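Okay, so here's the structure we're looking at.
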Amino acid sequence: MASNSAQTPAILKVVLDTRLRQAFDYLPPAGYAGPSVAPGMRVRVPLGHRRAIGFVAALARTSDLPRARLKAALEVLDEAPLWDAPTFGLLTWAASYYHHPLGEVLAAAVPAGIRAGAAAVSEITVWQLTEAGFACRPGRLGRRQAELFERLRDAPLAAHEIGSLGLTEALRGLARRGLVESFGQPEPPPPSGPAAQPAPRLTDAQQTACSAVAGSLGRFECWLLRGVTGSGKTEVYLDLIQRVLARGGSALVLVPEIALTPQLVSRFRNRLPVPVVALHSSMTDAERLRAWRAARTGAAPVVIGTRSAAFTPLPAPGIVVVDEEHDPSYKQQEGFRYSARDLAVLRAQRLGIPVVLGSATPSLESLANVESGRYRRLDLPERAGRAGKPRVAVVDLRHHAARDGLAQPVLAAIERHLADRGQVLVYLNRRGYAPTLYCTVCGWIAPCSSCDARLTVHLKRARLVCHHCGADEPMPFGCPKCGGEVRPVGQGTERVAEALAEVFPHAPLVRIDRDVIRRRGDIEKALARVASGEARILLGTQMLTKGHDYPDVTLVAILNADQGLFGADFRASERLAQQIVQVAGRAGRGDRPGEVLIQSAFPENPLLTSLVSEGYEGFALRALAERRAAGWPPYSRLALLRADGPDRGEVFDFLARALEARAGLSPDDVQLLGPAPAAMERRAGRCRAQLLVESATRPALQSFLDRWLPRVESLRAPRRLRWSMDVDPIEVD
């Protein structure tokens with residue numbers, strides 16, 4: 001708003017990247033005559049003895065403080081809001097729904113550079129010759145200055161190009177003599193990919209799915225694309241995005257894991273004739289800022305990213321895709337605890353565009369939404385090619401002894417598939433060499449001193465590591481209690497890799513887990529060895545289930561299917577079923593049939609029998625019926641008040657007082673259960689406990705939280721104690 005307006009200047013309601021839930025009132029900068037200030041723009045403001053960057057949340061005509069006491073903002077950093085109105089509205093709604101400070105929500109939605117004050121629209125500095133420069137004789141210049149002079153006489157050069165030529169000092173010399181001048185111009189768009197790969201012929205099911213979703217372009221519709229592994233969901237995404245691009249629109253594609261992004265970005269760049277950018281946390285701050293700017297300006301019409309990419313501003317959004325929509329990685333577990341999948345659906349609704357949720361193992365929440373008519377379902381029931389569904393069998397560990405975690409039928413199957421020039425995938429969702437170090441004399445088990453957990457043996461490094469808090473200590477040569485012999489007990493990927501190398505020494509092995517995939521590019525190198533055929537055995541954890549394509553894998557062996565059969569969380573069986581089906585789906589692609597062997601000491605378990613006989617569909621129907629009968633989500637709504645601190649008594653006292661604070665607040669609509677300790681009560685030296693809030697409906701739950709949480713915030717708590725609210729938690733442990 002211009003300062004010379006006849007009206008009283010509006011008051012800026014500014015939120016900051018802090019835990020404070022309030023907005024601070026400021027006047028516009030003195031003498032400000034720029035574009036009208038609007039919600040979603042950044043301002044630099046005085047805050048005590050320092051300066052801070054905040055976001056304008058709203059405008060007001062009045063303040064609780066006298067106008068004379070209000071400070072003026074120092075600077076308006078943007079010429080336009082960072083987000084369009086529907087997306088900014090989504091962010092403010094999310095702050096309310098998840099009961100999190102709006103300043104932190106807005107800060108989480110932008111790259112670090114934007115939070116630090118970098119320009120939302122970037123310019124590059126370009127140098128050219130002045131009139132005096134063109135009249136100058138290069139013979140009067142030094143060698144390096146003459147070299148730069150000749151280049152600038154041909155065409156202006158960007159500052160970074162001059163720097164890459166090693167001519168920065170020569171530039172300074174020319175500038176001192178008045179021979180060159182600079183000007184700003186918009187940063188060029190990122191380069192497009194080769195777009196050289198032709199689109200394959202779509203199957204009838206793919207074509208039906210594409211036609212259905214294409215019919216909803218320009219309006220909101222949520223489509224659940226349930227496609228068995230290998231059925232070509234990505235081809236459906238690409239076809240739909242090409243249609244959106246043809247209409248002048250842009251596309252947002254969410255993936256659950258950073259490791260998936262390079263593979264998908266490469267595939268999209270090879271097919272789409274426009275710039276495609278990635279957004280994920282392993283990029284540098286500068287890379288993320290460039291990609292975010294390119295998306296916001298439309299220079300890159302296709303964005304592929306992980307969780308926080310859900311908030312990326314797009315000038316002409318036409319479709320949103322959420323791949324592997326069932327994946328728990330879409331739920332942020334710290335700070336602003338949001339579900340990127342759920343907010344992506346709501347964003348598409350607010351924008352009036354379709355959203356596609358793709359998965360071979362849809363979440364029970366999404367299936368319930370199909371059941372209620374809120375989502376529409378599309379199916380890709382068959383794999384591309386002629387491989388068909390893999391053969392699935394359970395190996396009964398009660399009748400087949402396992403050697404280092406590998407039963408004899410599994411070893412025989414590996415040998416058979418390797419001899420037939422197939423690749424083998426071995427899945428074990430447990431890192432390290434062994435989960436336990438055990439004393440054979442007194443029974444001592446190596447504990448973590450900071451957690452209610454055992455230390456994991458990492459034999460190659462001779463270390464004991466806690467996978468919960470990161471504690472790391474040398475492995476003892478003997479029992480610290482009695483001096484007896486200690487042995488690793490159980491199997492992790494490191495131990496199984498050692499056993500496979502011993503049994504199959506001529507079959508190169510690639511291991512994929514978070515112990516070996518640490519640096520940028522590690523996952524690409526490992527997958528390249530698999531794709532080239534150099535590696536014959538692929539071993540790893542759930543990183544293997546995240547959508548990678550292994551076209552020559554003909555055998556999948558799942559070593560410890562029992563690990564999730566008896567979990568305390570009500571979602572444990574759903575997660576186990578999804579992991580088994582996802583990894584089993586890697587067996588057999590193209591024209592090669594697949595085989596899946598599942599090792600279990602409980603082969604009659606209903607979850608395993610239903611998966612083998614009826615597939616994921618049968619399991620999901622049973623699980624939904626159980627959830628409905630028990631009143632668990634998706635047929636109820638949950639929130640968790642979590643607290644942790646170094647003193648157990650302080651934690652439980654705080655939660656007990658929080659429970660008392662609900663007095664008089666609609667006792668019939670909402671139940672509070674607890675306080676109760678977390679499944680792992682002590683973690684990283686802090687005691688953890690929680691209150692579970694349950695309601696049959698979302699409005700009743702939100703109404704209760706709106707009235708209850710201000711009372712909780714007013715409770716006095718020790719400075720060492722932390723608490724948080726988690727709405728729609730995916731872990732109730």
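Can you spot a residue in the range 53-74 that is closer than 20 Å to E334 by Cα and outside the structural domain of G305 (by TED's automatic domain parsing)?
So far as the range 53-74 goes, no, none of its residues is closer than 20 Å to E334 by Cα and outside the structural domain of G305 (by TED's automatic domain parsing).
Of the numbered conditions (1) in the same structural domain as G249 (by TED's automatic domain parsing); (2) crowded, with 20+ Cβ neighbours inside 10 Å; (3) not hydroxyl-bearing (S, T, Y), G352 fails exactly one; give the number of that condition.
Against the list (1) in the same structural domain as G249 (by TED's automatic domain parsing); (2) crowded, with 20+ Cβ neighbours inside 10 Å; (3) not hydroxyl-bearing (S, T, Y), G352 comes up short only on (2).
Of everything in the range 27-52, what is under 11 Å from V76 (Cβ atoms) and either outside any loop (DSSP other than H, G, I, E, B) or of a type in the set (D, E) (or both)? Give them in sequence order.
Hits for the range 27-52 are R42, V43, R44, V45.
Would you mention how many residues in the range 412-439 are closer than 20 Å to A402 by Cα and either in contact with an Asp or Glu (Cβ under 7 Å, 6 or more places away or on another chain) or not aliphatic (A, V, I, L, M) (or both)?
Of the residues in the range 412-439, 13 are closer than 20 Å to A402 by Cα and either in contact with an Asp or Glu (Cβ under 7 Å, 6 or more places away or on another chain) or not aliphatic (A, V, I, L, M) (or both).
Here are some conditions: (1) of a type outside the set (V, I, T); (2) over 30 Å from I53 (Cβ atoms); (3) free of Cβ contacts under 8 Å to residues at least 40 places away in the same chain. L179 meets all but one. Which one does it not meet?
Every listed condition holds for L179 apart from (3).
Identify the residue in the range 276-312 that is more than 18 Å from the chain's Cα centre (by Cα), part of a helix (DSSP H, G or I) and of a type outside the set (A, V, I, L, M) and, among all such residues, is surrounded by the most Cβ atoms within 10 Å (Cβ to Cβ).
R293
Got a number for residues in the range 609-633 being within 25 Å of W708 (Cα to Cα) and surrounded by fewer than 18 Cβ atoms within 10 Å (Cβ to Cβ)?
Residues flagged as within 25 Å of W708 (Cα to Cα) and surrounded by fewer than 18 Cβ atoms within 10 Å (Cβ to Cβ) within the range 609-633 amount to 2.
What do you reckon, is E79 in contact (Cβ under 8 Å) with a residue 60 or more places away in the chain and either acidic (D, E) or not in a helix (DSSP H, G or I) (or both)?
no
Taking the criterion of being at pLDDT 85 or above and within 30 Å of F24 (Cα to Cα), would at least one residue in the range 124-137 satisfy it?
no
Being surrounded by 15 or more Cβ atoms within 10 Å (Cβ to Cβ) and not assigned by TED's automatic domain parsing to the domain that holds A561 is the requirement here; does R698 meet it?
Judged against the criteria, R698 is not a match.
If we scan the range 164-172, do we find a residue that is modelled with pLDDT under 85, assigned to a helix (DSSP H, G or I), exposed (fewer than 13 other Cβ atoms within 10 Å of the Cβ) and not assigned by TED's automatic domain parsing to the domain that holds G230?
yes
List, please: which pairs have Cβ atoms under 9 Å, are six or more places apart or on different chains, and start with a residue in the range 454-483 that is surrounded by 18 or more Cβ atoms within 10 Å (Cβ to Cβ) and modelled with pLDDT of 90 or more and end with one that is β-branched (V, I, T) and not in a strand (DSSP E or B)?
Filtered contacts from the range 454-483: C479/T440; C479/V441.
For A393, all conditions in the list (1) aliphatic (A, V, I, L, M); (2) surrounded by fewer than 20 Cβ atoms within 10 Å (Cβ to Cβ); (3) farther than 24 Å from A584 by Cβ hold save one; what is the number of the exception?
If we test A393 against (1) aliphatic (A, V, I, L, M); (2) surrounded by fewer than 20 Cβ atoms within 10 Å (Cβ to Cβ); (3) farther than 24 Å from A584 by Cβ, just (3) comes out false.
Could you tell me whether any residue of the range 423-439 is of a type outside the set (V, I, T), closer than 26 Å to A561 by Cα, in contact (Cβ under 8 Å) with a residue 60 or more places away in the chain and in contact with a Phe, Trp or Tyr (Cβ under 7 Å, 6 or more places away or on another chain)?
yes
Could you check, for the range 178-187, whether at least one of its residues is more than 44 Å from the chain's Cα centre (by Cα), not assigned by TED's automatic domain parsing to the domain that holds A278 and not in a loop (DSSP other than H, G, I, E, B)?
Yes: the range 178-187 contains one or more residues that are more than 44 Å from the chain's Cα centre (by Cα), not assigned by TED's automatic domain parsing to the domain that holds A278 and not in a loop (DSSP other than H, G, I, E, B).
R662 passes all but one of (1) over 28 Å from the mean Cα position of the chain (by Cα); (2) within 23 Å of R722 (Cα to Cα); (3) basic (K, R); (4) at pLDDT 90 or above; which number fails?
Among (1) over 28 Å from the mean Cα position of the chain (by Cα); (2) within 23 Å of R722 (Cα to Cα); (3) basic (K, R); (4) at pLDDT 90 or above, R662 violates only (4).
I'm trying to understand the selection: among the residues of the range 315-347, which are over 18 Å from the mean Cα position of the chain (by Cα), surrounded by fewer than 24 Cβ atoms within 10 Å (Cβ to Cβ) and among the hydrophobic types (A, V, I, L, M, F, W, C)?
A316
Pairs, please: C-beta under 8 Å, at least 6 apart or cross-chain, first residue closer than 18 Å to G249 by Cβ and in the range 345-367, second modelled with pLDDT of 95 or more and acidic (D, E)?
So the pair list comes out as P354/E221; V355/E221.
All but one of (1) out of contact with any Pro (no Cβ under 9 Å at 6 or more places or on another chain); (2) surrounded by fewer than 14 Cβ atoms within 10 Å (Cβ to Cβ); (3) over 30 Å from T229 (Cα atoms) hold for D647; which doesn't?
The number of the failed condition is (1).
Which residue out of V441, V496 is crowded, with 18+ Cβ neighbours inside 10 Å and either assigned to a strand (DSSP E or B) or outside the structural domain of R688 (by TED's automatic domain parsing) (or both)?
That would be V496, the only listed residue that is crowded, with 18+ Cβ neighbours inside 10 Å and either assigned to a strand (DSSP E or B) or outside the structural domain of R688 (by TED's automatic domain parsing) (or both).
Go through (1) surrounded by fewer than 21 Cβ atoms within 10 Å (Cβ to Cβ); (2) of a type outside the set (K, R); (3) under 30 Å from Q690 (Cα atoms); (4) modelled with pLDDT under 80 for P551 and report which single condition fails.
Single failed check for P551: (3).
Does any residue of the range 226-240 turn out to be buried (at least 20 other Cβ atoms within 10 Å of the Cβ) and farther than 29 Å from R383 by Cβ?
Checked against the condition, which is being buried (at least 20 other Cβ atoms within 10 Å of the Cβ) and farther than 29 Å from R383 by Cβ, the range 226-240 yields no hits at all.
Is it the case that S211 is among the hydroxyl-bearing types (S, T, Y), outside any helix (DSSP H, G or I), at pLDDT 85 or above and out of contact with any Leu (no Cβ under 8 Å at 6 or more places or on another chain)?
Spelling it out, it is not the case that S211 is among the hydroxyl-bearing types (S, T, Y), outside any helix (DSSP H, G or I), at pLDDT 85 or above and out of contact with any Leu (no Cβ under 8 Å at 6 or more places or on another chain).
Go through the residues of the range 38-47 one by one and say whether even a single one is at positive phi and modelled with pLDDT of 85 or more.
Yes, there is a match, as at least one residue in the range 38-47 is at positive phi and modelled with pLDDT of 85 or more.
The values are calculated or read from the model by the stated rules, or taken from the named source; none is laboratory data. Since this is a predicted model, take the numbers as computed values, not measurements. Heads up, the Cβs are rebuilt from the backbone with ideal geometry, glycines too, and the neighbour counts pull from every protein chain shown.
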